[in-house]
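The values are calculated or read from the model by the stated rules, or taken from the named source; none is laboratory data. Small disclaimer: the values here were computed from a predicted structure and weren't measured. We place every Cβ from the backbone using ideal geometry, glycine too, and count neighbours over all the protein chains shown.
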Amino acid sequence: MDGLRNQLVRNYNSLVRKLNSNIKDESWDPHVLIDVDSIQNELDSLRSCIVTLAFTYMEGEHGWKSMDDDTKFVLFNPQEGEED
């Protein structure tokens, strides 16, 4: 579980650094302009970690139940033939 938590933090921080460094027009209407491919790896990794956590099942007093099988994770910038 520590590896999963470390991966989540590492990818989140990487994504936020990239987004922060690409904020344009810092006046009253800031927006982010960034190449989709430059953040794809972080988003894919975050989705993978979240899916792992969402479908983890532990029994016992401190465990948790798994999510429903129909839980769907939306893809960022889906390519042709992929579901969103």
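Table for the structure above
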item: Subset of segment 36-58 [in contact with a Lys or Arg (Cβ under 7 Å, 6 or more places away or on another chain) and modelled with pLDDT under 90]; result: TYR57
item: Any hit, segment 17-35, residues being modelled with pLDDT under 85 and on the phi > 0 side of the Ramachandran plot; result: yes
item: Count - residues of segment 15-51 that are assigned to a helix (DSSP H, G or I) and either surrounded by 10 or more Cβ atoms within 10 Å (Cβ to Cβ) or of a type in the set (D, E, K, R) (or both); result: 20
